[in-house]
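Since the structure comes first, as structure tokens, the remarks are kept for the end.
The values are calculated or read from the model by the stated rules, or taken from the named source; none is laboratory data. Worth saying up front: this structure is predicted, and the values here are computed from it rather than measured. Using ideal geometry, Cβ is built from the backbone for each residue, glycine included, and neighbour counts are taken over all protein chains shown. Ligands, DNA and RNA are stripped out before the accessible areas are found, and what is left, the full protein with its side chains, is counted by its heavy atoms. Shrake-Rupley method; radii C 1.70, N 1.55, O 1.52, S 1.80 Å.
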Amino acid sequence: MVDRLRRAAEQLEAPTCPDCHIEMRWFRSELLADEPVPIIAHLFVCPHCKRTAQTDTLFQGTQRSPDKLSAPRFMAYAA
């Protein structure tokens, strides 16, 4: 989960404050939901007027192909 949070923060663009028209600073990130789709909320605050903003990051689920699934190590042969 920490890797997901780190990747989401790296790709994030800080919003612009609608009052001051300056770039807001990142304050913190928190996990809103883990299932069925992980959602991380990123909170920002304006350094001048202290207004807050939130942006959410949704993660796409990864599907594994059937050939990547586990299989028994020993095959049983019918006689």
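Filtering the stretch 45-59 down to residues that are hydrophobic (A, V, I, L, M, F, W, C) and within 17 Å of CYS20 (Cα to Cα), which residue is surrounded by the most Cβ atoms within 10 Å (Cβ to Cβ)?
Result: CYS46.
Can you tell me which residue in the stretch 4-29 is nearest to PHE59 (Cα to Cα), limited to those that are at pLDDT below 85 and open to solvent by 100 Å² or more (accessible area, probe 1.4 Å)?
ARG7
Quick check on the stretch 45-64. Is at least one of its residues of a type in the set (D, E, K, R), modelled with pLDDT under 80 and assigned to a loop (DSSP other than H, G, I, E, B)?
yes
Are any residues in the stretch 30-44 outside any strand (DSSP E or B) and open to solvent by less than 40 Å² (accessible area, probe 1.4 Å), and if so, which ones?
Result: PRO38, single match.
For the stretch 17-41, how many residues meet the condition of being within 21 Å of ARG51 (Cβ to Cβ) and among the acidic types (Asp, Glu)?
The qualifying residues number 3.
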